[in-house]
1. Nearest 5 is fine: what % of DSSP beta bridges in the chain come out antiparallel, could you say?
2. Can you bin segment 407-502 into rounded, prolate or oblate? Criterion: square roots of the alpha carbon gyration tensor eigenvalues sorted a ≥ b ≥ c, rounded for a/c under 1.5, prolate for a/b above b/c, oblate for the rest.
3. Provide the per-residue ³J(HN,Hα) series for segment 334-343, in order, calculated from phi with Karplus coefficients 6.51, -1.76, 1.60 and θ = phi - 60°, each as a whole number of Hz, with x at glycine and proline positions.
4. Decide, for segment 521-649, between rounded, prolate and oblate: order the square roots of the alpha carbon gyration tensor eigenvalues as a ≥ b ≥ c, take rounded if a/c falls under 1.5, and otherwise choose prolate if a/b is larger than b/c, else oblate.
5. Give, in nm to one decimal, the length gained when the segment between T514 and S632 is fully stretched (0.36 nm per residue of separation minus the Cα-Cα distance).
6. If you consider only alpha-carbon coordinates, what radius of gyration and Dmax does segment 16-138 have, in Å?
7. Could you name the aspartates and glutamates in cross-link range of K102, using Cα to Cα under 14 Å and dropping any fewer than eight places away on the same chain?
8. Using a basic spin-label model with each label point 7 Å from the Cα along Cα→Cβ, how many nm lie between N542 and E644?
Amino acid sequence: MSKPVYKPNKEFAKNARIKNMCEYNDLQEWASEDYEGFWGHYANEKLDWIEPFTNVMDESNFPFVKWFEGGKLNVAAQCIDRHLDTRKNKAAIIFEGDRGDKQIITYLELYYNVNRFANLLKKKFGVKKGDRVVIYMPMIPEAAYAMLACARIGAIHSIVFGGFSAEALRDRIEDAEAKVVLTADGAYRKDKPYMLKPVVDTALEGDTTVEKVLVVERNGEDIEWVAGRDYSYNELIETQDVHCESEVMDSEDPLFLLYTSGSTGKPKGVQHNSAGYILWAQMTMEWVFDVKENDTYWCTADIGWITGHTYIVYGPLAMGATTVMFEGVPTYPDAGRPWKMVEEYKINQFYTAPTAIRVLHKMGEDEPKKYDLSSLKVLGTVGEPIDPPAWKWYYEEVGASKCAIVDTYWQTETGGHIVSPLPGATPIKPACATFPLPGIMAEILDPATGERVEAGETGYMCVTRPWPSMIRGVWGDAERFVKSYFGDVKKDGKPVYFTGDGAVYDEDGYITITGRTDDVINVSGHRMGTAEIEAAIKKHPNVAEVAVVGKPHDIKGEGIFAYIVLKSDDGIADEVEEVKAINNVIKKEIGNIALCDDIVFAPGLPKTRSGKIMRRILRSIAKGEAITQDISTLEDPSVVEKIENMVKSK
Ligand code: WTA
């Protein structure tokens, strides 16, 4: 049965940047006929070049691709300086703290704050172009200043999400060989202070490449200060010069690293470079959210994830928009908080994750009715497939059946959206990412033949031509970059970018993402490699073997299910204690975000005779599904029934 179709709101479409499917098709046709002409046009139109580029794209060394060679620019200047003539008193960032404290930062203030921060890094800490700076910060405006200050002086930032543990932070610091860490004492969550600086202290114990730590004092709680290493932002910032020359950067100079999970144990440092990334961040802001000059836009992501990078900081600021930053949690003090903020700030575009929508729906179904949400024009979702009931509630109750829902499909590696509805043009279907954006040659391919799949057949979501904001490398590991993304699918004999996701076309050519084809799971929109969780659990001295799989979860989308074989049975004397011990190891190695929802202490794991763990069987057992595949070839088929019984009796 085909899904219902919702046409774009006519009033909205009249003023939208892309007004109908004809315009969309024209753009897509232009791109496919004259790819370099298309991108060259937008790069000239959208960016302010210090020196113009001489070549749009060089793919002679594919997949090591270069965009806009010869061009010089500075990303922080794209986000700030070029708006000063026309927008200096416009709000760049509206900040709301967990406790309701507010700050409005204009573009001129942003310019001063970023320059001061940049001078501090440059003059006090000796940070130079190309140095790596790790940012481990809460959702406060200083986190945005930190990113832009790095961009201004040409340093490469690597943000580590505040939910990661000291161990995980240390791994990322070491891999990037960071010189400086920018952090805060902590922040507030649900009206209570929580801490970050102690985590940094633990991460930096022993030998480290880190020379200096800058601490924003946000909650004023007591922290340790290491003399000669730790400095207070609050004390130093006021005396810094408000002008700082921006570093002249090549188009392909790195802008940032962001570590993400893959199918092996170690997270990879996804590298994005300057011009291509900022170009697509701006273009997608304009096309997908259709933000207008007087609009107020709010993305609820955390800056620790790619969504926070592209759609809280870089994209909105590059286009000169007003972006809202929120420190708190959406359900505190109650599940009406986001709607209260929508009413108060007259938010026009609201962008969040399906997991948040499910929580808000479950905890506060009627909350949207209590507020005036009439300012809303576009609603967005990102990070995981959205289920139809959550979609319906979002569409009807939050959007009053008049706002387009843009189900944006993309990933850390793509830099910005690649498949998404356009709010004024695309007739949408619930829970459907719809079509590739103009300029993006995204296709669902059959991995065996490299041909486009037929409607109804699941295939691999690929992009067949490099695009400007494509990942440029895995930090320090060129081989892994090539192998991870360009090894699985070939079209016409040539490797193409494979996202790791499965997808399907419907009879109208609409794309629905079906989920990962690898061992990566999506917990509350956080991307977690099962191999990474397994590597953590293996650090427990009594663990012999472990296999982690995803299991559908009402709120989180997917939950984490671990099958563990202990070295000795003595440990299971107290199962509750053992579960606690396992979770403590995870907490230490990765952080609370990777805690298991279910742990089963299994007598063994289902393996082939060559020793490969049959995860498909474990996934079926976790879901409570009947095992349909042939298990007679397993090394020990009896283990399957034993595990099934254990799971059933839980
Ligand atoms: C998943 C987040 C379905 C997908 C921006 C992808 C989605 C991974 C959607 C990337 C969507 C993202 N519908 N699934 N609209 N958006 N995903 O790197 O599996 O944190 O590969 O980037 O999230 O997660 P990442």
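1. On the way: 61 of 102 bridges.
Antiparallel: roughly 60 percent of the beta bridges in the chain.
2. On the way: a/c = 2.24, a/b = 1.34, b/c = 1.67.
Here segment 407-502 falls in the oblate category.
3. 8, 6, x, 3, x, 6, 4, 5, 4, 5
4. It comes out oblate by the Cα gyration axes.
5. On the way: separation 118, 0.36 × 118 = 42.48 nm, distance 2.96 nm.
So the chain would gain 39.5 nm between T514 and S632.
6. 19.5, 55
7. Excluding near neighbours in sequence, the set is E142, E327, E344.
8. 2.9 nm
Only the coordinates and a few stated rules stand behind these numbers; no lab work does. Quantities reported herein were computed from a predicted structural model and do not represent experimental measurements. Reconstructed Cβ throughout: ideal geometry from the backbone, glycine too, with neighbour counts over all protein chains shown.
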